[in-house]
Amino acid sequence: MLALTYQGPNRVKVTQKREPKLQHPNDVILRVTRTAICGSDLHLLHGLIPDTRVGCTFGHEFTGVVEEVGSSVESLRRGDRVVVPFNISCGTCFFCSRGLTANCENTNPNASVASGVYGYSHTTGGYDGGQAELVRVPFADVGPMKIPDDMTEEQVLFLSDILPTGYQAAEMGEIEPGETVVVFGCGPVGLFAQRSAWLMGAGRVIAVDYLAYRLAFAARYNAVEPVDFRAVDDVVMHLLEMTDGRGADVCIDAVGCEAKGSLSQSIFGVRAKLFAGSATALNWSIAAARKAGNVSIIGVYGPPYNAVDIGTAMNKGLTMRMNQANCKRYMPHLLEHVRAGRIDAQGIISHRLPLEHAEEAYRLFEKKRDDCIKCVLVPPMAA
């Protein structure tokens, strides 16, 4: 089968790879119909996530059609269309029983870190991902959700990750009606965090980025107030001025470890991130939040040594909440938002490319070319 494979830092290649097989009675094999490139895939590409091994296949956002069914699977049959959450969860452990599927303790040998995740290094279990023609889905009675007959794959594709991730980011901010929310990042997760903030009753949503086309898209898609941090002398002071000197009620870091604008990047270049981390968006969130405000962290942080201004957070009495998104708990609710038109999930897709052109798609997304917001890959059999 065709699959994208990791070839080392900054190198991926579409190759022929052995087809996955059923390994457990509760597995299914999916024929992938749509798969997307996530911003966190770029952390893998750039070598920032430990134990990313040559030959592994990325991709944790995908839909598919069931091709093979393990002998103990009860909820799925051959031919069912499904969308799969990026967390691989057992459904029965201490955390899963509490809806915390991102913290499952049975799907990852490194369970103290996170649950298993498709296509996200051996740090999260070493599972191959869905940027391929076929993918093995374990715990098939737990994760996958059937796609309603009246909906398309692209309408529900982002229930796999970025829509629940953005929604949980807003939820963790505990937004009260009328409050001011600042979202750092206008990538796909930031866009859904902005939309979710409105759904939760925000009175004002401010979006921070540095790319004019992404800021313009956010303003058009979500009716936010855009702020280009490169166009102001000090983005934190600018945000404080916009909020009467007090700061925002809620700040959401939807960027993570590859934030632009850090001192380490401007002096030392990309390699400095390996040593200094890049907690820029997080530190801006801490600084721009009002005292006793909330900071929600949904951006991915790979290296463990980020210089975070925890002293300011403590002195300001901030509440900080963070986690990988517990996708499964949100999927049915968000499906209804999509169905009702309150969220146009597929509206953020800017590029669709054949799986065979995945290398090109990665460069397009990585370099922010051609006003790229979100890339979707289409395998040959699904075209």
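Observations, loosely collected:
- Residue within segment 371-382 that is at pLDDT 95 or above, assigned to a helix (DSSP H, G or I), surrounded by 14 or more Cβ atoms within 10 Å (Cβ to Cβ) and not acidic (Asp, Glu) present: no
- Selection count, segment 33-69, where residues are surrounded by fewer than 20 Cβ atoms within 10 Å (Cβ to Cβ) and of a type outside the set (A, V, I, L, M): 8
- If you check GLY166, GLY130 for being in contact with a strand residue (DSSP E or B) (Cβ under 9 Å, 6 or more places away or on another chain), part of a loop (DSSP other than H, G, I, E, B) and either crowded, with 24+ Cβ neighbours inside 10 Å or assigned by TED's automatic domain parsing to the domain that holds ARG352 (or both), only one passes: GLY130.
- Taking the criterion of being of a type in the set (Ser, Thr, Tyr) and either modelled with pLDDT under 95 or at positive phi (or both), the only residue of segment 33-48 that qualifies is SER40.
- Any hit, segment 175-195, residues being surrounded by fewer than 24 Cβ atoms within 10 Å (Cβ to Cβ), in contact (Cβ under 8 Å) with a residue 24 or more places away in the chain and either part of a helix (DSSP H, G or I) or assigned by TED's automatic domain parsing to the domain that holds HIS333 (or both): no
- Listed by position, the strands (runs of 3 or more DSSP E) enclosed by segment 1-88 that each have at least 2 residues that are of a type in the set (Ser, Thr, Tyr) are 2-8, 28-36.
- If you filter segment 307-322 down to residues that are in a loop (DSSP other than H, G, I, E, B) and in contact with a helix residue (DSSP H, G or I) (Cβ under 7 Å, 6 or more places away or on another chain), you find that the one that is modelled with the lowest pLDDT is ALA307.
- Filter pass, ALA114 being part of a loop (DSSP other than H, G, I, E, B) and in contact with a helix residue (DSSP H, G or I) (Cβ under 7 Å, 6 or more places away or on another chain): yes
- Whichever residue in segment 153-175 is of a type in the set (A, V, I, L, M) and farther than 16 Å from PRO332 by Cα and, among such residues, is farthest from the chain's Cα centre (by Cα): ILE175
- Evaluating ASN294 against the criteria (1) in contact (Cβ under 8 Å) with a residue 12 or more places away in the chain; (2) polar (S, T, N, Q); (3) over 25 Å from TYR221 (Cα atoms) leaves one unmet condition, (3).
Residue-wise test of (1) over 22 Å from ASP41 (Cα atoms); (2) surrounded by fewer than 24 Cβ atoms within 10 Å (Cβ to Cβ).
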position	(1), (2)
ILE88	no, no
GLY99	yes, yes
ASN106	yes, yes
LEU134	no, yes
ALA140	yes, no
GLN155	no, yes
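- Given (1) touching a Gly at 6+ places or on another chain (Cβ under 9 Å); (2) buried (at least 20 other Cβ atoms within 10 Å of the Cβ); (3) hydroxyl-bearing (Ser, Thr, Tyr), number of the condition THR319 does not satisfy: (2)
- When residues in segment 323-363 are screened for being hydrophobic (A, V, I, L, M, F, W, C) and touching a helix residue (DSSP H, G or I) at 6+ places or on another chain (Cβ under 6 Å), 9 of them pass.
- Options LEU22, LEU30: the member that is at pLDDT 95 or above and surrounded by 23 or more Cβ atoms within 10 Å (Cβ to Cβ): LEU30
- When ALA358, ALA292 are checked against the criterion of being farther than 23 Å from ALA102 by Cβ and assigned to a strand (DSSP E or B), a single residue qualifies: ALA292.
- Any hit, segment 116-131, residues being acidic (Asp, Glu), over 21 Å from PRO354 (Cα atoms) and modelled with pLDDT of 95 or more: no
The values are calculated or read from the model by the stated rules, or taken from the named source; none is laboratory data. Here the structure is a predicted model, which is why all the values come from computation and not from measurement. For neighbour counting, all protein chains shown are included, and Cβ atoms are generated from backbone atoms with ideal geometry for every residue, glycine included.
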